[in-house]
Protein chains: 2
Amino acid sequence: MSYPGKHPDFIVHSTSPLNGGTPPEVLRESFITRQENLYIRNHGNIPQVEPKLFRLKVEGLVEHPLNLTLDSLRRDFPIKTILATLQCAGNRRSQLMAIRPIPGETPWGAEAVGTAQWTGVSLFDVLQKAGIKPEAKHVAFSGLDEIEKEGRRFQFGGSIPIQKALQPEVLLAFEINGEALPPAHGYPLRLVVPGFIGARSVKWLTRLTLQAQSSTNYYQAKAYRLFPPETRHENVVWERGMELGEFPVNTVICRPVDGARLPAGRVTIQGYALAGGGRSVERVDLSTDGGQTWQAAELGKDRDPWTWRFWEAEVELEPGRNEVVARGWDSAANTQPEEASRIWNFKGYMNNAWHRVTVLCPDRE
Amino acid sequence: MSYPGKHPDFIVHSTSPLNGGTPPEVLRESFITRQENLYIRNHGNIPQVEPKLFRLKVEGLVEHPLNLTLDSLRRDFPIKTILATLQCAGNRRSQLMAIRPIPGETPWGAEAVGTAQWTGVSLFDVLQKAGIKPEAKHVAFSGLDEIEKEGRRFQFGGSIPIQKALQPEVLLAFEINGEALPPAHGYPLRLVVPGFIGARSVKWLTRLTLQAQSSTNYYQAKAYRLFPPETRHENVVWERGMELGEFPVNTVICRPVDGARLPAGRVTIQGYALAGGGRSVERVDLSTDGGQTWQAAELGKDRDPWTWRFWEAEVELEPGRNEVVARGWDSAANTQPEEASRIWNFKGYMNNAWHRVTVLCPDRE
């Protein structure tokens, strides 16, 4: 199934809500992801917005509540551009689903990730203008989409801690890669929270509420929380889940693809790696013997605290079946867990287990 | 072997240089580690310092080089107190040594860690007074100790990135737990860099140098770097190692101790966990079946971004041999690697593999 404006290989996981992405072997072609390749993760409809009627409200624990038009955002605040990789907390969920079913969640491969140049205004500047009261500890946000869930209709929302909200990398963006945001990516305005799970980069952003507690929206209070492996829908205590924010270090082999058939001998492996919270990817290790021995990959020169890092490595493949394994290390010496089965969780978030692809090398005659 | 001023159970790994610590089951007794229990990690002698002659030099890429007495430090800058856990990058090295020998390095168990209240002045305030030139990207430091290594005599040193140096938690400390620093802990002045490996908290601090590159001192340029598992002394390319800074999430079972004999049934397990870079420990999981199933531990109420977190859990032990396993999760959803063998490195740093203790429960008659 193809989707208008997207790459012919774009995988549509669902159309209502719209969820899809371009396979990682295509994503790996360019450091900045072309719009046609950028994943879409929606929970509700794509709202049609009349730009003249659009307002961004800033309220809650502020000195001066604001009600901003798109024109005033562009006119009254400095325009900024940043490069940032967004990644869904459900990226690589399909590997967890293969271990034990995760009903009702999108079966993402490693395509729920992408890097773009975002242009907009700094959340910091807008909050400064509103005046932050000292009791404000979180910035909650909501979009214009409408979601049906648990018998209620509501807008997608969530929150980030005030310390993150005040960092210069957090943007209210109206452009992606130099073009206006398309409707599926949040036209006319979205949040971009680099280093955090994609769910916090809320689209069709219409309201910012400064408050003492984190958001009570379903997507902060229940979904996008990390639960111990034993938790199920039947026994979950929602408030005991970890609220997700920064994502952990993750590494994906993009080429060759899983199941590829190649001649034995030297083969170039290529992939992406990224680390949350502004930490940098410092090393990527490759193994062809299930992690017994490793070699370091070559890291791409492009480096930015908020973007992924491309890497490649030459490995020697034997005739027969080869399992190629990759894992990364971030600047805080965090590395990735070995077995996805050990980090399985019933919502299927944050799978950063070693990435493995099987390459079949036919025996020579 | 006992050491003056230290707990009777203090383990002395070496006396020249002095290296030792108190077993984790004793450390677990108090959230703030008593001085007699705090580990000592030295690379050279313990210098005898005449406080009247002591000077701290601040030089390099600064507007106004400083030459400060202890009196001027106390008099001209605001006095601050912080609570911070220090942890040696070699904590838990003995587990790596059991996999493959690591000659010439201290065989730390899980005792190279401790939490203290540190009093001193902010590094930020001192750097502000010196005036930071824009080219300064690192703050290098050196102590008054003398080390013999590779045929040279030099002082212990290292560096931290300027962004970290400007954070309010980094202190030039002259007191520990309300008392003057004892000689073994850095009298009269030491750096305290919370969230970073202990090696950056240099003792007998005498010189701060602002510079464009990180330190060329042996302990930054060669030691305290993380190398891939295949690297050995024979083939190491020092500059390819990751310079260590923030430490990753780590969890230790303090009680019962490894090899303990206890009746089968419900047993309370207690331990510590800590995460680097100001990240918080959000969950500790316990398993008694090698990681197949897990239960969440109860986390202590004390929370501070720069300190460890105590935890405890009740588990059910079977008659016979029980392996109790612990792993932690930090606020960036980083968790710990399963197998120490997969993260072995020839200097033996940053072992945060799942912690395992064996408890023997005699069969009932």
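Label points for B:Phe31 are taken 7 Å from Cα along Cα→Cβ. From this copy to the others they lie 4.6 nm apart, shortest first. Rg ratio for the protein assembly as shown: its Cα radius of gyration over 2.2 N^0.38 Å, N being its residue count, equals 0.98.
When both segment B:316-365 and segment B:88-104 are represented by their alpha-carbon centers, they are found 15 Å apart.
Taken over the alpha carbons of segment A:250-361 as equal point scatterers, the Debye sum produces base-10 log I(q)/I(0) values at 0.11, 0.13, 0.20 Å⁻¹ of -0.34, -0.48, -1.05.
Find the eigenvalues of the gyration tensor of the Cα atoms of chain A, then list the square roots of 5 times those eigenvalues as equivalent ellipsoid semi-axes, largest first, in whole angstrom. Working shown, then result.
On the way: eigenvalues 269, 93, 75 Å².
Here the semi-axes work out to 37, 22, 19 Å.
A Gaussian network model of chain B, with springs between Cα atoms under 10 Å, assigns the largest mean-square fluctuation among B:Pro107, B:Pro24, B:Pro47 to B:Pro47.
The three principal axes of the Cα atoms in segment A:230-277 give end-to-end lengths of 51, 29, 11 Å, sorted in falling order. The mean number of partner chain beta-carbon atoms within 10 angstrom of a residue's beta-carbon across peptide A:238-244 is 2. For the residue pairs A:Lys149/A:Lys203; A:Lys164/B:Lys137; B:Lys6/B:Lys149; B:Lys52/B:Lys222, alpha carbon separations beyond 26 Å are given by B:Lys6/B:Lys149; B:Lys52/B:Lys222. In a simple Cβ point-charge model (Lys, Arg +1; Asp, Glu -1; nothing else charged), chain B has a dipole of about 980 debye relative to its Cα centre. For B:Ala180, the label point sits 7 Å beyond Cα toward Cβ; its separations from the matching points on the remaining copies run 7.2 nm, from shortest to longest. Dividing the summed -39500 (n - 2.57) terms of all DSSP H runs of n ≥ 4 by the residue count of the protein assembly as shown sets its mean residue ellipticity at 222 nm at -2000 deg cm²/dmol. Share of pairwise Cα-Cα distances greater than 21 Å in segment B:147-299 is 62 percent (whole percent). Between B:Leu208, B:Leu53, B:Leu86, the Gaussian network model of chain B with springs among Cα atoms under 10 angstrom shows the greatest mean-square fluctuation at B:Leu53.
Residues considered: B:Thr251, B:Thr307, B:Thr293. Largest GNM mean-square fluctuation over chain B, using C-alpha springs under 10 Å, is found at B:Thr293. With label points defined 7 Å past Cα in the direction of Cβ, position B:Tyr3 shows copy-to-copy spacings of 6.0 nm, given to one decimal and shortest first.
Each reported figure results from applying straightforward, stated rules to the coordinates on display, with no laboratory input. Fair warning: this is a prediction, and the values are worked out from it, not measured in the lab. All Cβ positions, even for glycine, are placed from backbone atoms using ideal geometry, and neighbour counts span all protein chains on display.
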